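Heads up, the thing below is written out as structure tokens.
What follows draws every value from the coordinates through simple rules; no lab data is involved. None of these values were measured; they are calculated from a predicted model. Heads up, the Cβs are rebuilt from the backbone with ideal geometry, glycines too, and the neighbour counts pull from every protein chain shown.
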Amino acid sequence: MFVIPAFIVLFGVVAVLWRTPMWVVWLYLGASVVTFLAYALDKSAAVRQAWRTKESTLHLLALVGGWPGALLAQQVLRHKSTKQEFRQVFWGTVTLNLVALLLLATPARTLLLRAL
């Protein structure tokens, strides 16, 4: 569980250095809450053998910034924490999210966005 505190430190450094907008903090918090709830609902459905949330939906939520909530849900709820293929894709979404955060937070973001 060292990843979430490490992310908070990284985010704090990025926010101080490059003045990250406050809405980014709210995006991560909101997406993490929604993602945690999605994992909880999926875990409940798995226990009841009911309709499940698609793994692609869980990955999309993680990709848009909900990965801290997903990681917390995996640990607290013991859900999606052992399926190797899911975990590999999950860590890929975390990596992509962090790269996007760093690219969009840097002062050179205007150049990057113009290039796209």
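Structure remark: mean-square fluctuation, Gaussian network model of the chain, C-alpha springs under 10 Å; the largest value among LEU71, LEU63, LEU101 belongs to LEU101. Amide hydrogen proximity for THR20: with H placed 1.01 Å from N in the peptide plane, the residues at 5 or more positions away or on another chain lying under 5 Å are ALA15.
Per residue, the convex hull spanned by the alpha carbons of the chain comes to 103 Å³. Remark: spin-label model distance GLU55-VAL76 equals 2.4 nm, labels positioned 7 Å along the Cα→Cβ axis. Hydrophobic, long helices, defined as DSSP H runs whose alpha-carbon span along the helix axis is 15 Å or greater and whose mean Kyte-Doolittle value is at least -0.5, occur in the chain at 3-18, 22-48, 84-105.
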